[in-house]
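To keep things clear, I will list the structure first and then write my remarks on it.
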Amino acid sequence: MPQDNAPTVGIDDLAVYVPGLYLPLEGEFARRRGIDPGKLIKGIGIERMAVPDAHEDAATMAAMSLLLLMRRSRLQPEQIGKIYVGTESSADEAKAMGTYVIGMLEQVYGQGSFQECGTVEMKAACIATTLALECQSYWLAGEDEDKVGVVIASDVAKYPLASPGEYTQGAGSVSLLLKKNPRLLALEQVYGHFTRDENDFFRPMGCTTAVVNGKHSNQCYLDAVTGAFDSFSARAARKGIIVPATGECVTDYLDHILFHIPYPRMVEYASAAVFRHDWKSCPRSRRVEEEIGPEPGEGDDKDAAALPAAEADYARRFARSPQFLEAFAAKVRDTATLSRQIGNIYTGSIYLGLASLLELDRLQAGQRLGFGAYGSGCSALFFSGRVEPQAEDLPRLGLVERLEERKAITLADYEMLHEGKMEKSLIEPRQEFVLAGIDSQGYRHYKFVE
Ligand code: COA
């Protein structure tokens, strides 16, 4: 825990970039794929999927969110000590995406203006940005030249056409400004990790789309986030940050819980797993038992073979129990608001949750936020932060308006963009970074279009 007069470190501000194109999932997409729209809207939770235009990639989106952040926070290049980029959509096996991003930003701020800034690209599926944030929080705590750090998440979530992953795609970038005495969120510097070797989701060298074992990936996510939550709870108790009083449990001390959002329904599954697990240690479990009966395997004579079905049935009943629905509505549901209109942005999705709370005016000074980040492969990290008094005065991000201004595209245009066959941009670029070309050596050329 920081000394009383020691500066805190944390998230000072954030900016979100979302492409100007989207594919509506109701209508033509649902009809042509033979999927009931109810499944997409209610079962998965996504209404519109953000789609990058022909001139965009993960690097242009990263540069755009950084530019938005710098303009919004009146940040100058020489103030930034480090830029860490979390991505699983890298276009180069060796060169760090941050160097391309710096090259783009220097077209706006001047050649060499970011020269003293360190950059690294971090890959750990959807958890990379959160691991980058953890690293920068330690660096900032010891930083003595008043530098700030930037952590950028940028991804194009891409699965094969007509696969079950297709309707959970999306694209976008989030830039987080990290500094001492932040205006938005002071990190409590308690990090609970969970890691296990899994084949739930991976993208072998040379493949443009991921290999996904979908149902298995859901289970890995739940196991890992619950494991990281346990690790966090134990560390928070040891540091005296969260020591539940008799009859209370750890989630009682979290005002909002932000989970990784591969698709909005997943945060419902994640919160059900975490609340159910947490409540086992407090009297609330007895109230749940009164509502929906005992946990499977407890006090019944079911044999081992029947247990998975009994467990699935219990999980469904738990997710409909009044106790859970009340906690979910109060602490989690609103974090997925923006994701319903954007889809999965992989490593930035959890911070879209933070943007949702900011846009919905749900953050109040003193509230404690819990973050449950997940990355396939697999690992999870649970950490916490306290909302700072100045958070309430931070200007809104204007995302609701941005999402409404986007252009809807046809299924045919989306498929051309998905397969990399669209040669001309669907929206003429203006005041943005574009991928101008890839030369014969594979070096990518970017430019800022006025
Ligand atoms: N109306 C309303 N809901 C419907 C429906 C309808 N007509 N038809 C189905 N549903 C519901 C299902 O009942 C289910 O909800 P439930 O869990 O409450 O029962 C939900 O829609 C999902 O349907 P399901 O058939 O189980 O999933 P899927 O085969 O479409 O696969 C993923 C979902 C996420 C596994 C798949 O999209 C995927 O592989 N995505 C990429 C990987 C990923 O995001 N993993 C997450 C962890 S990182």
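The values are calculated or read from the model by the stated rules, or taken from the named source; none is laboratory data. Only a predicted model underlies this, so the values are computations on that prediction, with no experimental measurement involved. A quick note on method: Cβ atoms are made from the backbone with ideal geometry, for glycine too, and the neighbour counts reach across all protein chains shown. Surface areas here come from the heavy atoms of the whole protein model, side chains and all, with no ligands, DNA or RNA. Shrake-Rupley method; radii C 1.70, N 1.55, O 1.52, S 1.80 Å.
Solvent-accessible surface of region 1-145, averaged per residue with a 1.4 angstrom probe and all protein chains in place: 41 square angstrom. Report the Cα centroid-to-centroid distance between region 157-201 and region 4-59 in angstrom, as an integer. Rounded to whole Å, the Cα centres lie 13 Å apart. Annotation for region 246-353: GluC sites (Glu not before Pro) lying in DSSP loop with at most 12 further Cβ atoms inside 10 Å of their Cβ are 298. How much accessible surface does residue 150 have with a 1.4 Å probe, in Å² rounded to 10? Accessible area, nearest 10 Å²: 0 Å². Taking every DSSP beta bridge that has both ends in the chain, the antiparallel portion is near 75%. Using just its DSSP H runs of length 4 or more, each adding -39500 (n - 2.57), the chain gives a mean residue ellipticity at 222 nm of -10000 deg cm²/dmol after division by all residues. Computed over region 22-141, the quotient of the alpha carbon radius of gyration and 2.2 N^0.38 Å is 1.35. Of the GluC sites (Glu not before Pro) found in region 389-442, the ones in coil according to DSSP and having at most 13 other Cβ atoms within 10 Å of their Cβ are 419, 423. For region 273-285, backbone phi angles converted through the Karplus equation (6.51, -1.76, 1.60; θ = phi - 60°) give residue-by-residue couplings of 5, 6, 4, 4, 5, 5, 5, 4, 8, 9, x, 4, 4 Hz, Gly and Pro being listed as x. Projected over all directions and averaged, the alpha-carbon convex hull of region 7-78 occupies 7.9 nm². Summary value for region 109-192: 26 percent relative contact order, contacts being C-alpha pairs under 8 angstrom separated by 6+ residues.
The largest-to-smallest principal axis extents of the Cα set in region 233-339 are 41, 36, 23 Å.
Once the Cα-Cα distance is subtracted from the 0.36 nm per residue extended length, the residue 238 to residue 91 segment shows a gain of 48.7 nm. Derived scalar couplings between HN and Hα for region 156-167 equal 10, 7, 9, 10, x, 4, 6, 8, x, x, 4, 7 Hz in order, rounded to whole Hz, by the Karplus curve 6.51 cos²θ - 1.76 cosθ + 1.60 (θ = phi - 60°), x for Gly and Pro. Using the Karplus relation 6.51 cos²θ - 1.76 cosθ + 1.60 with θ = phi - 60°, the per-residue 3J(HN,Hα) values for region 98-109 come to x, 6, 4, 5, 4, x, 5, 5, 5, 5, 9, 9 Hz, with x marking Gly and Pro. Heavy atoms only, probe 1.4 Å: what % of the accessible area of the chain goes to carbon and sulfur, would you let me know? Reported share for carbon and sulfur atoms: 49 percent. Distances between placed amide hydrogens fall under 5 Å for residue 407 paired with 21, 22, all partners being 5 or more residues away or on another chain. Build a GNM of the chain with springs between Cα atoms under 10 Å apart, and of 13, 252, 146 the one that fluctuates most is 146.
Take the Cα radius of gyration of region 90-179 and divide it by 2.2 N^0.38 Å, with N its residue count; two decimals is plenty. With N residues counted in region 90-179, Rg over 2.2 N^0.38 Å equals 1.28.
Shape of the chain from the C-alpha gyration tensor: oblate (a/c of 1.5 or more and a/b not above b/c, with a ≥ b ≥ c the square roots of its eigenvalues). Here's the picture: charge each Lys and Arg Cβ at +1 and each Asp and Glu Cβ at -1 in the chain, and of 292, 438, 422 the one pushed furthest to the positive end of that dipole is 292.
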